[in-house]
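Notes for the one structure printed next.
The values are calculated or read from the model by the stated rules, or taken from the named source; none is laboratory data. If you're wondering where the values come from, they're calculated on a predicted model, not measured in any experiment. Cβ placement follows ideal geometry from the backbone for every residue including glycine, while neighbour counts extend to all protein chains displayed. We work out accessible area using only protein heavy atoms, side chains counted, and drop any ligands, DNA or RNA first. Shrake-Rupley method; radii C 1.70, N 1.55, O 1.52, S 1.80 Å.
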Amino acid sequence: MDDDVEILDVDDDNSPRQVPLKNQDLTQLSFTVGEFLSLYGWYLLAVTVTVLLLIQHLRKRRTGQSRQDSVPHNLQEDASLVTKRQEAMEAARRRMQEELDAKAAAFKEKQRQQEEEKRRQKIEEWESMKQGKSSKGHKLSGNTEEASPAAAGLKPKMDKKPLRSNDYNPLMGQGGSCSWRPGRRGPSVGG
């Protein structure tokens with residue numbers, strides 16, 4: 001069956017029409033585009049960059065105008081917000097300063113009381129020394145209930161022996177188990 005059959009589409013008016021093939025060769029199109037770009041490529045690039053810069057400039061200008069239109073309304077709100085924030089910060093600083101002043105006054109009062117107590121104790125010690133009593137005895141007699149358990153724990157122990165003798169000098173090199181000894185001379189045996 002070697003029949004040559006040609007398929008033709010028929011329009012509504014029964015005239016035959018050729019169907020374009022789907023797999024056409026695109027070399028002619030690529031050649032035309034390549035020739036156009038080689039002739040006008042730099043101009044096309046310059047025009048494209050100019051258009052993009054113009055679009056960006058117009059967008060900035062549009063957003064700038066919309067901001068300028070809304071500035072008077074927002075400026076008043078912003079000014080009131082800034083004022084409120086500054087007042088709040090000032091009030092917080094004032095409170096913190098008052099707390100600090102109160103703490104400083106309390107500390108100063110406490111220091112004054114301690115100074116007064118020390119001065120009073122020194123006067124009492126001086127008076128007791130004038131009367132012939134020792135100052136240590138006076139302190140112990142005045143604080144016998146409070147100081148007796150604490151004083152017992154603070155007494156030095158006299159029955160301890162000293163760790164080293166009085167004539168010990170670490171620079172002299174005598175005594176002690178840690179002394180340097182030179183290594184053995186001669187060939188090593190384990191070799």
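Can you go through 56, 76 and tell me which one is of a type outside the set (Phe, Trp, Tyr) and modelled with pLDDT under 80?
Result of the check over 56, 76: 76.
So, residue 103, is that one modelled with pLDDT under 95, surrounded by 10 or more Cβ atoms within 10 Å (Cβ to Cβ) and assigned to a helix (DSSP H, G or I) or not?
Judged against the criteria, residue 103 is not a match.
When residue 18 is evaluated against the numbered criteria (1) open to solvent by 80 Å² or more (accessible area, probe 1.4 Å); (2) modelled with pLDDT of 80 or more; (3) not aromatic (Phe, Trp, Tyr), which criterion, by number, is the only one it fails?
The single condition residue 18 does not satisfy is (2).
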